[in-house]
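Following: one structure in structure tokens, then a few remarks.
What follows is calculated from the coordinates using simple rules that are stated; it is not laboratory data. These figures come from a predicted structure and were not determined experimentally. As a convention, Cβ positions derive from the backbone with ideal geometry for all residues, glycine included, and neighbour counts pool all protein chains shown.
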Amino acid sequence: MERQKAKISCPTFQKQELIIKDITDKINRAEEVSEKARFAEELLKEVNVLFSCVDYDDKKLDCKNCHFIADLRKRTADLIIKAKRLA
């Protein structure tokens, strides 16, 4: 079954989505925890672009969904970085 594509109508989200997907693929392909953590740092930078969006409107569903997805990605990146510290 194919995963449903993000349907957030925002040029900032769409641009960042491509960048974030590329970084996520690199994290998934990396074998060493240190390499995964390096990509996770990149992921945090790109996710922060979404959090600092000048067009954010807390009344728009697309904006709420964008921040929800960004928060999940931030938490994932944080976990990977913590795993490196434990290794």
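It is to be established whether one or more residues within region 11-34 are in contact with a His (Cβ under 8 Å, 6 or more places away or on another chain) and of a type outside the set (A, V, I, L, M, F, W, C).
Checked region 11-34: no residue is in contact with a His (Cβ under 8 Å, 6 or more places away or on another chain) and of a type outside the set (A, V, I, L, M, F, W, C).
Taking region 54-71 as the region of interest, how many residues are surrounded by 13 or more Cβ atoms within 10 Å (Cβ to Cβ) and over 12 Å from residue 13 (Cα atoms)?
Total satisfying the criteria: 2.
Return a yes/no flag: does region 44-52 have any residue that is without any contact (Cβ under 8 Å) to a residue 24 or more places away in the chain, more than 29 Å from residue 87 (Cα to Cα) and surrounded by fewer than 17 Cβ atoms within 10 Å (Cβ to Cβ).
yes
Could you check region 56-87 and list, in sequence order, the residues that are under 19 Å from residue 35 (Cβ atoms) and under 9 Å from the mean Cα position of the chain (by Cα)?
Passing the criteria: 73, 76, 77.
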